[in-house]
Amino acid sequence: MSKLRALIVEDEEASRITLRNFLEKYCPKVDVIGEASNINDAYKIINSNKPDLVFLDVEMPYGNAFDLLEKFENINFESIFVTAYSSYALQAINMSASRYLLKPLNIDQLIEAVENVEAQIQNKTKIQTSKILLENINIENKQLKKMVLPTLEGFEVVQLKDILHCKANDNLTDFFLKDGTKRTICRTLKFYEETLKEYDFVRVHKSHLININYVKNYKKGKGGEVILINDINIPVSSTRKSDFLNYFSQ
């Protein structure tokens, strides 16, 4: 495979230099074809040079990474987001299964993200993660937002309203959907607890994360038990009982 032609979009010069040096030293299959310090310059370079990959700083003056992506009718490049903030942006990025790096950059994570992009391009397994990311940002109703599920077979896109509950399965997570089907996802339940905690999902047990919109009733006990609309019983641990009940007291 030929080299990945990459653009670095970052307003801080020191950060651009660091990323460029890391790429040159640890990612020899990446060819940095340009740099931009703002989204307007980035837009021009992307249109004229057609990069395969864009490293996008999430927060920049005069517009963020999402503002840049919204300028394109069709996004024909892969993105790796770079951010110093553990914020709402990361939840949105994680829901769309997009790739991101936290500052200060971790070399192993950079290599892994680049290899992931390379594999996707080589295998032609493209999924419009950036498009889904933008759609989610513009959707106000939490349950109508979409999530990209990296399954053992590939990818699947579901709306949050279609997810009843999730169950830990060692280092994997089983998603139980409204239509009665199950998907096994290659990420931990802890990852989805952090990603979905602002979207009406609550961890009620070390092994269970539920969509509170589908709680049918609750049976008291030391921890208690939740019955979902499909009559599935989910145990509530005593240590997580107050978190669960708080959703219904607000």
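Can you tell which of N169, N136, N116 is polar (S, T, N, Q), in contact (Cβ under 8 Å) with a residue 40 or more places away in the chain and in contact with a strand residue (DSSP E or B) (Cβ under 9 Å, 6 or more places away or on another chain)? Break it down stepwise before answering.
Values: N169 fails: in contact (Cβ under 8 Å) with a residue 40 or more places away in the chain; N116 fails: in contact (Cβ under 8 Å) with a residue 40 or more places away in the chain.
The match here is N136.
Is it true that some residue in the range 95-108 is of a type in the set (S, T, N, Q) and loosely packed, with under 13 Cβ neighbours inside 10 Å? Step through it out loud before you land on a result.
First, the residues of the range 95-108 that are of a type in the set (S, T, N, Q): 96, 98, 106.
From what is left, the residues that are loosely packed, with under 13 Cβ neighbours inside 10 Å are none.
Within the range 95-108 (the criterion being of a type in the set (S, T, N, Q) and loosely packed, with under 13 Cβ neighbours inside 10 Å), the answer is no, since none of the residues qualifies.
List pairs: first residue in the range 149-160 and closer than 14 Å to Q120 by Cα, second residue in a loop (DSSP other than H, G, I, E, B) anywhere in the structure, Cβ distance under 9 angstrom, at least six positions apart or on different chains.
Cβ pairs passing all conditions: P150/A97; P150/C186; P150/R187; G154/T125; G154/I127; F155/A97; F155/T125; F155/I127.
Given the structure, is A84 at pLDDT below 90 and more than 14 Å from the chain's Cα centre (by Cα)? Don't jump to the end; show me each part of the working.
Working: at pLDDT below 90: yes; more than 14 Å from the chain's Cα centre (by Cα): yes.
For A84, the condition - at pLDDT below 90 and more than 14 Å from the chain's Cα centre (by Cα) - is met.
Quick one: which of E59, E24, E12, E70 is touching a residue at least 60 places away in the same chain (Cβ under 8 Å) and surrounded by fewer than 18 Cβ atoms within 10 Å (Cβ to Cβ)?
E70
Any idea which of I227, I234, I185 is more than 20 Å from K145 (Cβ to Cβ), surrounded by 14 or more Cβ atoms within 10 Å (Cβ to Cβ) and touching an Asp or Glu at 6+ places or on another chain (Cβ under 8 Å)? Quick ask: steps written out before the conclusion?
On the way: I227 fails: touching an Asp or Glu at 6+ places or on another chain (Cβ under 8 Å); I185 fails: more than 20 Å from K145 (Cβ to Cβ).
That would be I234, the only listed residue that is more than 20 Å from K145 (Cβ to Cβ), surrounded by 14 or more Cβ atoms within 10 Å (Cβ to Cβ) and touching an Asp or Glu at 6+ places or on another chain (Cβ under 8 Å).
Here are some residues: I75, I46. Which one is outside the structural domain of C186 (by TED's automatic domain parsing), surrounded by 15 or more Cβ atoms within 10 Å (Cβ to Cβ), not aromatic (F, W, Y) and not in a helix (DSSP H, G or I)?
Sole residue among the options that is outside the structural domain of C186 (by TED's automatic domain parsing), surrounded by 15 or more Cβ atoms within 10 Å (Cβ to Cβ), not aromatic (F, W, Y) and not in a helix (DSSP H, G or I): I75.
Would you mind stating whether S48 is touching a strand residue (DSSP E or B) at 6+ places or on another chain (Cβ under 6 Å) and of a type in the set (G, A, S)?
It is false that S48 is touching a strand residue (DSSP E or B) at 6+ places or on another chain (Cβ under 6 Å) and of a type in the set (G, A, S).
Report whether or not A113 is at pLDDT below 90 and either surrounded by 14 or more Cβ atoms within 10 Å (Cβ to Cβ) or under 15 Å from A42 (Cα atoms) (or both).
no
The values are calculated or read from the model by the stated rules, or taken from the named source; none is laboratory data. Please read these numbers as outputs of a predicted model, since none were measured by experiment. All Cβ positions, glycine included, derive from the backbone under ideal geometry; neighbour counts span all protein chains shown.
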